[in-house]
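One structure below.
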Amino acid sequence: MPLLNYILPLLAATCGGYLLKYPPKNKNSFFAFKTPLARLSDKTWIFAQKRCGILLIVLGITLFFLSILCNHFLGSCVKYKLILNLLICSLQAILIFSSLSLVDFEIAECFDDKGNLILR
């Protein structure tokens, strides 16, 4: 059952590595970070794919090691182990999906409404 806590972090890091190594070429790709802000221009598209890949890798590795710590220190509570594992998985999913909005915030800060880079 503790392996359940490692699936989402490993999947996030793997998807992030895939986005960095094989970025989607067009905006209709199946596996890509597709939001209206990311689709504004080619520059925002490339920026979004790189940022999303880096974010997923960092978050996946961080959550992986936090899961190891949680299972090590809280592993002796056999009575509540299933509930604890489901809670950790739920928190991981919430963190991964909510953190993807950071990429949209970065796009909004760095690009204008037409997808041109803002020089500061």
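Would you work out the charge dipole size for segment 60-120 about its Cα centre, treating the Cβ of every Lys and Arg as +1 and the Cβ of every Asp and Glu as -1, and quote it to the nearest 20 debye?
480
What residues have an amide H closer than 5 Å to that of Phe111, excluding those fewer than 5 places away on the same chain, when H is modeled at 1.01 Å from N in the peptide plane?
Residues meeting the criterion, in which the H sits 1.01 Å from N, are Ile118.
Select from Leu82, Cys70, Leu37 the residue farthest towards the positive end of the dipole of segment 1-107; place +1 on Cβ of Lys and Arg, -1 on Cβ of Asp and Glu, and compute about the Cα centre.
Positive-end residue among those listed: Leu37.
Considering only lysines 8 or more places apart in sequence, or on different chains, count the pairs in segment 1-88 whose C-alpha atoms sit under 19 Å apart.
Final tally of qualifying lysine pairs is 10.
For the residue pair Lys43 and Phe30, what label-to-label distance in nm results when each label sits 7 Å from Cα along the Cα-to-beta-carbon direction?
Rounded to a tenth, the inter-label distance reads 3.2 nm.
Go through segment 16-28 residue by residue and turn each phi into a ³J(HN,Hα) via Karplus (6.51, -1.76, 1.60, θ = phi - 60°); whole Hz please, and just put x for glycine and proline.
Here the 3J(HN,Hα) series is x, x, 5, 4, 6, 7, 10, x, x, 7, 10, 7, 9 Hz.
Quick check: from the Cα gyration tensor, does the chain come out rounded (a/c under 1.5), prolate or oblate? List each step's numbers first, then the result.
On the way: a/c = 3.22, a/b = 2.58, b/c = 1.25.
It is prolate, given that a/c is not under 1.5 and a/b is the larger ratio.
Work out the length of the dipole vector of the chain about its Cα centre, built from +1 on the beta-carbon of each Lys and Arg and -1 on the beta-carbon of each Asp and Glu, and round it to the nearest 20 debye.
Numbers: 12 positive and 6 negative charges, 54 e Å.
So the magnitude is around 260 debye.
Kindly report, to the nearest 10 Å², the accessible surface of Thr14 as traced by a 1.4 Å probe over protein heavy atoms only.
Rounded to the nearest 10, that gives 90 Å².
Let me have the 222 nm mean residue ellipticity of the chain computed from DSSP H runs of 4+ only, each contributing -39500 (n - 2.57), with the sum over all residues rounded to the nearest 500.
Mean residue ellipticity, 222 nm, calculated: -22500 deg cm²/dmol.
Hey, if you put +1 on the Cβ of every Lys and Arg and -1 on every Asp and Glu Cβ in the chain, which of Thr14, Cys110, Gly53 ends up farthest toward the positive end of that dipole?
Checking the options against the dipole of the chain, the answer is Thr14.
May I ask you to evaluate 6.51 cos²θ - 1.76 cosθ + 1.60, the Karplus curve with θ = phi - 60°, for each residue of segment 109-115 and list the ³J(HN,Hα) values in order in whole Hz, giving x for glycine and proline?
Whole-Hz 3J(HN,Hα) from phi for segment 109-115: 6, 8, 10, 8, 5, 9, x.
Simple spin-label model, 7 Å along Cα-to-Cβ: Leu4 to Leu87 in nm?
Result for the modelled spin labels: 1.3 nm.
The values are calculated or read from the model by the stated rules, or taken from the named source; none is laboratory data. Since we're looking at a predicted model, the values are computed, not measured. All Cβ positions, even for glycine, are placed from backbone atoms using ideal geometry, and neighbour counts span all protein chains on display. Protein only, heavy atoms only, side chains kept; ligands, DNA and RNA dropped before computing areas. Shrake-Rupley method; radii C 1.70, N 1.55, O 1.52, S 1.80 Å.
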